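Trainee: Below: one structure in structure tokens.
The values are calculated or read from the model by the stated rules, or taken from the named source; none is laboratory data. Just so you know, these numbers come straight off a predicted model, no measurement behind them. A quick note on method: Cβ atoms are made from the backbone with ideal geometry, for glycine too, and the neighbour counts reach across all protein chains shown.
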Amino acid sequence: MDPISVTGMVMGGLTFPAQLFSSGVVAYTTISQVRNMGSSFGTWYWLFKFQESRYIFWGMSHKACSPGGLHESQMHRFVFKTIVEALSQINEVLKDKDGLCRRYGLQEIGDIRPVEHSLIRRECLRQQNMVKRLQKSSSLFRKVQWAVKDQGKFAELVQQLTGLINILYEMLPVPEGPLVGDTIAAETLAETLINGGWGFVEGLQQTTNPELQQLREMGRAMDSAKHREATENSTNFQQFTPSQNLLLNIQQLDFLDPRSIPNSAPHIRSWARPKQNNLLSGADFVVEWRQYDPQRGKEELKGNLQKRIEALVMMLKEKPRTDSFRVLDCIGYFEDNSATRFGLTFRLPNHYIPHTDPAPMTLFDIISAHPDNAAYLGDRFHLAYLLAESVHALHATGWLHKSISSHNILLFQKNSHSAPSGNQQSPPSLHNPYFTGFAMSRPDDPNTYSSRTAANREMALYYHPDLEGSEGQRVAGYRAVYDIYSLGLVLIEIGTWRSLARWSPKQACSSLDFKRRLLDKVVPFLGASMGENYMIAVRKCLEGSFERLAGFSDDEYNSTDYKNNVRQGLLWEVVTVLRDCRA
């Protein structure tokens, strides 16, 4: 038995370049967990891992492990020959043990205890896709551990692989998408955490190479997310002292009259402008409110909530500067004693010009204001893709949103569409979406305020059925699939151009019954309006029915393998599908 046969892959059914790519996956994985024998290994290790992610992403994008992938008929003869040559050279470099040691500075440092074939097969066959099965089986079949003995020679290996992988991208580019680089960086970070642990991610911060700047930012974001989750899950709070570099002074802000900038949900967010001559001058802000119940009155409860708020603010302030993170810049928070609430303060985007651009609107407000004048189909596809890729980027760095809904997607419109002929109104713009609502109350938070309000009942439509609990009952811990479920509901709104409440029955029903109603009565109609692929992607979000997830039991939901499969399912069964949807 070998790494390829255990996956069930029939090499004879693949094209020659697809066979070469698959063999390259095995060879790359065999040494991809290489260890360090020196102090400056971090930079070259991460560049090595980044190129591995580029290689995998290129093959996955071209369905290289599927029958018919990379077929000669799909490309010019010269392109085909060049790709075969580059793939052959990658295999030659990675499979030549003597060359790896003599020329590229690697060394075998010890044997690895063999893993039972039955366990290898079990773990392999429940991976999300064939490439991941190849990587898992190759990792488990490894017999020796590699280490870097000579930094300079190892750098030559990384540079040679980079050049060969560049040829693959130049000859046969991946399908166009504005966030491909972000996606690859996010996958590099997530995969390295799975295989190497936190020590590798922490070591990333010691590197200085400019090419790794994006990865360093994502690493800091991941660490801040870890701190946030630990804080939110803690039940043992000591006396809390607010951090002075996070706590703002509410007296430094003027809150704008809703008549000057329309605001349909002042209980959720407000627009603010800094007063002159203070540290906040130079930009307008959106403030998101998180109320606490004064009747519950205990300073301990308020302190616990404020500590959670600070952990959230610390996470948001570490937002990577990448296009895939559709999150506004958070500058801190303040307490509004007049209304017993905390306000998270976000800077509006640099491209937004308050005096000339239309007022920011939520996706919910745009759909509600234009029920009979839907946005252009191409714009709706692009919005769906941007939101899905943003959720993938958040999850890859350990962020969970926990309150995704059309109420919490803010768009900064430019009115760039030219008006149609006649008196027909121009369709609304869907440009520049940002996720907001991180401060919203959630059903798994014991400090939730006034959960019986009408606004929260409407927000509850977006919660996964697993999160439904009766008054005072502790509900299920939050998982990434719940964010993906909420994303699927937003995709329904984009596809039907109706708010989610439109599909909610007048009589009360459980979240599970509402989910079934959507799957039976609403999702099937998306095929006619948005196409079959869009419909299937939405169904997968609602059902959580990504490939191979059924192979995991309930007690494995917190395992790295399960989380990895969820992330891979979102990327390859939703994000890339939405990216390729066309009007």
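Trainee: When you check GLU573 against the structure, is it assigned to a helix (DSSP H, G or I) and surrounded by fewer than 20 Cβ atoms within 10 Å (Cβ to Cβ), yes or no?
Mentor: In short, yes.
Trainee: Taking the stretch 375-404 on its own, how many of its residues are crowded, with 19+ Cβ neighbours inside 10 Å and either on the phi > 0 side of the Ramachandran plot or outside any helix (DSSP H, G or I) (or both)?
Mentor: Counting residues in the stretch 375-404 that are crowded, with 19+ Cβ neighbours inside 10 Å and either on the phi > 0 side of the Ramachandran plot or outside any helix (DSSP H, G or I) (or both) gives 9.
For (1) assigned to a helix (DSSP H, G or I); (2) farther than 24 Å from SER324 by Cβ; (3) in contact with a Pro (Cβ under 7 Å, 6 or more places away or on another chain); (4) aliphatic (A, V, I, L, M), each residue gets a yes or a no:
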| position | (1), (2), (3), (4) |
| --- | --- |
| PRO505 | no, yes, no, no |
| ASN533 | yes, no, no, no |
| ASP555 | yes, yes, no, no |
| CYS581 | no, no, no, no |
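Trainee: Read through the list (1) surrounded by fewer than 20 Cβ atoms within 10 Å (Cβ to Cβ); (2) at pLDDT 80 or above; (3) closer than 19 Å to THR397 by Cβ; (4) not aromatic (Phe, Trp, Tyr), then give the number of the only condition that ASP182 fails.
Mentor: Condition (1) is where ASP182 drops out.
Trainee: Taking into account only those residues within the stretch 513-564 that are touching a helix residue (DSSP H, G or I) at 6+ places or on another chain (Cβ under 6 Å) and of a type in the set (Val, Ile, Thr), which is modelled with the lowest pLDDT?
Mentor: Filtering the stretch 513-564 for residues that are touching a helix residue (DSSP H, G or I) at 6+ places or on another chain (Cβ under 6 Å) and of a type in the set (Val, Ile, Thr), the one modelled with the lowest pLDDT comes out as THR560.
Trainee: Search the stretch 484-504 for residues that are free of Cβ contacts under 8 Å to residues at least 12 places away in the same chain and pair each with any residue that is part of a helix (DSSP H, G or I) when their beta-carbon atoms are under 9 Å apart and the residues are at least 6 apart or on different chains.
Mentor: Qualifying pairs under 9 Å: ARG502/GLU493; ARG502/THR496.
Trainee: Can you find, within the stretch 44-75, the residue that is nearest to MET130 (Cα to Cα) among those that are part of a helix (DSSP H, G or I) and out of contact with any helix residue (DSSP H, G or I) (no Cβ under 7 Å at 6 or more places or on another chain)? If you could, list the steps in order and put the result at the bottom.
Mentor: At the first step, the residues of the stretch 44-75 found to be part of a helix (DSSP H, G or I) are 44-61, 72-74.
Add one more test, that the residue is out of contact with any helix residue (DSSP H, G or I) (no Cβ under 7 Å at 6 or more places or on another chain), and what stays is 45, 61, 73-74.
Working: TYR45: 25, SER61: 13, SER73: 23, GLN74: 21 Å.
Selected residue: SER61.
Trainee: Step by step: first the residues of the stretch 82-111, then only those that are in a helix (DSSP H, G or I) and among the polar types (S, T, N, Q), then the one that is nearest to ALA147 (Cα to Cα). Which residue is that? If you could, list the steps in order and put the result at the bottom.
Mentor: Kept after step one, since they are in a helix (DSSP H, G or I), are these residues of the stretch 82-111: 82-95, 97-102.
Those left that are additionally among the polar types (S, T, N, Q): 82, 88-89, 91.
Numbers: THR82: 32, SER88: 24, GLN89: 22, ASN91: 19 Å.
Only one residue tops the list, namely ASN91.
Trainee: Check off (1) assigned to a helix (DSSP H, G or I); (2) at pLDDT below 95 for VAL475 and give me the number that stays unchecked.
Mentor: Exception for VAL475: condition (1).
Trainee: A further question on this structure: Among the residues that make up the stretch 119-136, is at least one of them modelled with pLDDT of 90 or more and either in the same structural domain as GLN568 (by TED's automatic domain parsing) or within 30 Å of LYS563 (Cα to Cα) (or both)?
Mentor: No, that holds for no residue.
Trainee: Same structure, new question: Would you confirm whether any residue within the stretch 509-526 is outside any helix (DSSP H, G or I) and loosely packed, with under 12 Cβ neighbours inside 10 Å? Quick ask: steps written out before the conclusion?
Mentor: As a first pass, look at the stretch 509-526 and keep what is outside any helix (DSSP H, G or I): 509-510.
So of that shortlist, the ones also loosely packed, with under 12 Cβ neighbours inside 10 Å come out as 510.
The answer is yes, given that some residue of the stretch 509-526 is outside any helix (DSSP H, G or I) and loosely packed, with under 12 Cβ neighbours inside 10 Å.
Trainee: Is there any pair with a first residue in the stretch 217-232 that is buried (at least 19 other Cβ atoms within 10 Å of the Cβ) and a second that is hydroxyl-bearing (Ser, Thr, Tyr) whose Cβ atoms are under 6 Å apart and which are 6 or more apart or on different chains, and what are they?
Mentor: MET218/THR397; ALA221/THR397; MET222/THR397
Trainee: Any residue in the stretch 24-44 that is within 17 Å of GLY203 (Cα to Cα) and at pLDDT below 70 sitting within a Cβ distance under 7 Å of a residue that is part of a loop (DSSP other than H, G, I, E, B) and not acidic (Asp, Glu)? List the pairs, counting only those 6 or more apart or interchain.
Mentor: MET37/LYS149
Trainee: How many of the residues making up the stretch 507-534 are free of Cβ contacts under 8 Å to residues at least 24 places away in the same chain and over 18 Å from PRO465 (Cα atoms)? Talk me through it step by step, then tell me what you get.
Mentor: Step one: list which residues in the stretch 507-534 are free of Cβ contacts under 8 Å to residues at least 24 places away in the same chain, which gives 507-509, 513, 516-517, 520-521, 524, 527-528, 532.
Among the residues that remain, those that are also over 18 Å from PRO465 (Cα atoms) are: 524, 527-528, 532.
Within the stretch 507-534, residues that are free of Cβ contacts under 8 Å to residues at least 24 places away in the same chain and over 18 Å from PRO465 (Cα atoms) number 4.
Trainee: Still on this structure, please answer the following. Limited to the stretch 1-14, what total is found for residues that are buried (at least 20 other Cβ atoms within 10 Å of the Cβ) and at pLDDT 70 or above?
Mentor: 1
Trainee: Which one of ALA455, ALA439 is at pLDDT below 90, assigned to a helix (DSSP H, G or I) and closer than 19 Å to HIS407 by Cα?
Mentor: ALA455
Trainee: Is it true that GLY181 is assigned to a helix (DSSP H, G or I), within 16 Å of PHE50 (Cα to Cα) and either not small (Gly, Ala, Ser) or not assigned by TED's automatic domain parsing to the domain that holds GLU389 (or both)? Can you show your working first?
Mentor: Details: assigned to a helix (DSSP H, G or I): yes; within 16 Å of PHE50 (Cα to Cα): yes; either not small (Gly, Ala, Ser) or not assigned by TED's automatic domain parsing to the domain that holds GLU389 (or both): yes.
Yes: the conditions hold for GLY181.
Trainee: For ILE90, which of the numbered conditions (1) surrounded by 20 or more Cβ atoms within 10 Å (Cβ to Cβ); (2) at pLDDT below 90 fails to hold?
Mentor: (2)
Trainee: Does any residue of the stretch 413-424 turn out to be assigned by TED's automatic domain parsing to the domain that holds VAL481 and at pLDDT 85 or above? Outline the logic, then answer.
Mentor: Step one: of the stretch 413-424, the residues assigned by TED's automatic domain parsing to the domain that holds VAL481 are 413-424.
Imposing the further condition that a residue be at pLDDT 85 or above reduces the set to none.
The answer is no; no qualifying residue exists.
Trainee: Could you tell me which of the residues TYR352, TYR333 is at pLDDT 90 or above, within 30 Å of SER243 (Cβ to Cβ), surrounded by 15 or more Cβ atoms within 10 Å (Cβ to Cβ) and in the same structural domain as ILE250 (by TED's automatic domain parsing)?
Mentor: Working: TYR352 fails: at pLDDT 90 or above.
Testing whether each residue is at pLDDT 90 or above, within 30 Å of SER243 (Cβ to Cβ), surrounded by 15 or more Cβ atoms within 10 Å (Cβ to Cβ) and in the same structural domain as ILE250 (by TED's automatic domain parsing) leaves just TYR333.
Trainee: Could you tell me how many of the residues in the stretch 137-163 are among the hydrophobic types (A, V, I, L, M, F, W, C), modelled with pLDDT of 75 or more and either part of a strand (DSSP E or B) or out of contact with any Asp or Glu (no Cβ under 9 Å at 6 or more places or on another chain) (or both)?
Mentor: Number satisfying all stated conditions: 7.
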